[in-house]
Amino acid sequence: MGLQQELKIVQLFHNLFATGFHLGEALDFLDHSGLLDKVLVDRMRQGMRTGQAFSSILGQLGFSGTVVSQLALAELHGNILESLTQLEGHLQSLIQVRRKLVAVGTYPLLLLGFLMVIIVGLQSYVLPEIDQGNQWTQMVQVIPLVFLAFGLCLALVFIGLATFYRHKPRLVFFRMLVICPGVRGFVQAYLSASLAREWASLFGQGLALAEIVGLMRGQESVFLVELGADLDQALNGGVSLAQQIRTYPFLRPELALMIEYGEFKSRLGQELALYSKKTWEDFFHRLFRLMDLIQPLVFVVVACLILLLYAAMLLPIYQNLEVPL
């Protein structure tokens, strides 16, 4: 299911729950109003009849694991409305990132692709008539192969990461992923903000740490299950939560400090909620700043290729026009 559809459903249920509707009434309203596809409403009603939780129903519709996991935890601490509010803002930010990425990357990539077509055409019809010993001509002939090799390398990297993600424990995968300097900050910000948001709601409801760890081990998210099991083992060994958090390179060190400060002030839930909000803002700020660099970088590459084309075509011609004295 796409982000737009997820956002629409989250917004609908957030508004309906906020006005006092329960799940059955909300489904009846959506069925009669036509605001949601009847097929989706029927599937959700079927899940409700079989006794499934709201998060499980959305999971069967194809919602992302992040949405399903957060709603599953919200059902346990009872604050589904607040969770839907947070999810609505989160999905809106992701959609904004996707739109910005499309807006920033579409025109430069089309220009780059058009330039590749021109280069291939020149190789077939123009460059054979020009002096092949010219170094600029030889460079132009190699450019398509360079871009093809670069694309294949990127595809292999993504395939390798996807395979490693599926077959390795999540904690091991994220430990390996943060070794890359350019990825480390994004992974730390995303995971730290996500955990702080979930723990803020649970601690805010007065749940003990042992109960929260037990809830984490019962979730569908593989990462939460593995993290809960690792935290449970550490806590049973006498290690505090803040000390164990410091051992995870995929989490920000500030998260451990916020936990210690919140425990000292006896307002851990509030401190984690504030930290989660600030960390999400930092994550999306980093993402937008990275995307702002994409378009200028592609334009620089295109400009260099255009200069190379002019050099490959015009320099041999000028050399042939030279008259020996």
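The values are calculated or read from the model by the stated rules, or taken from the named source; none is laboratory data. On a predicted model such as this, the values are computed, not experimentally measured, just so you know. Every residue, glycine as well, gets a Cβ built from its backbone with ideal geometry; the counts of neighbours run over all protein chains shown.
The set of residues in region 282-310 that are in contact with a helix residue (DSSP H, G or I) (Cβ under 7 Å, 6 or more places away or on another chain) and over 22 Å from Gln123 (Cα atoms) comprises Asp282, Phe283, Phe284, Arg286, Leu287, Phe288, Met291, Ile294, Gln295, Val298, Phe299.
Within region 194-247, the set of residues being among the hydroxyl-bearing types (Ser, Thr, Tyr) and touching a residue at least 60 places away in the same chain (Cβ under 8 Å) comprises Ser194, Ser201, Ser221.
Against the definition (farther than 24 Å from His90 by Cβ and either basic (Lys, Arg) or touching a Leu at 6+ places or on another chain (Cβ under 8 Å) (or both)), how does Leu241 come out, yes or no? Answer is yes for this residue. Remark: Leu307 matches the filter, which requires a residue to be more than 27 Å from Leu177 (Cβ to Cβ) and modelled with pLDDT of 80 or more. Scoring Arg99 on the criteria (1) at pLDDT below 80; (2) loosely packed, with under 13 Cβ neighbours inside 10 Å leaves a single failure, condition (1). For region 2-56, the set of residues classified as over 22 Å from Gln219 (Cβ atoms), β-branched (Val, Ile, Thr) and out of contact with any Asp or Glu (no Cβ under 7 Å at 6 or more places or on another chain) consists of Thr19, Val39, listed by residue number. Per the conditions (1) of a type outside the set (Lys, Arg); (2) over 25 Å from Val97 (Cβ atoms); (3) touching a Ser or Thr at 6+ places or on another chain (Cβ under 6 Å), the sole criterion not satisfied by Val172 is (3).
Restricting the search to helices (runs of 4 or more DSSP H) fully inside region 13-111 and requiring at least 1 residues that are among the charged types (D, E, K, R) gives 23-33, 38-49, 65-77. Among residues of region 16-34 that are farther than 15 Å from Ala53 by Cα, those with a beta-carbon under 6 Å from a residue that is outside any helix (DSSP H, G or I) at least six positions away or on a different chain give the pairs Leu30/Leu36. Can you find even one residue in region 38-53 that is crowded, with 17+ Cβ neighbours inside 10 Å and under 24 Å from Leu224 (Cα atoms)? No, the conditions are met nowhere in region 38-53.
Among the residues of this structure, Ala311 counts as one that is over 14 Å from Ala200 (Cα atoms), touching a residue at least 60 places away in the same chain (Cβ under 8 Å) and assigned to a helix (DSSP H, G or I).
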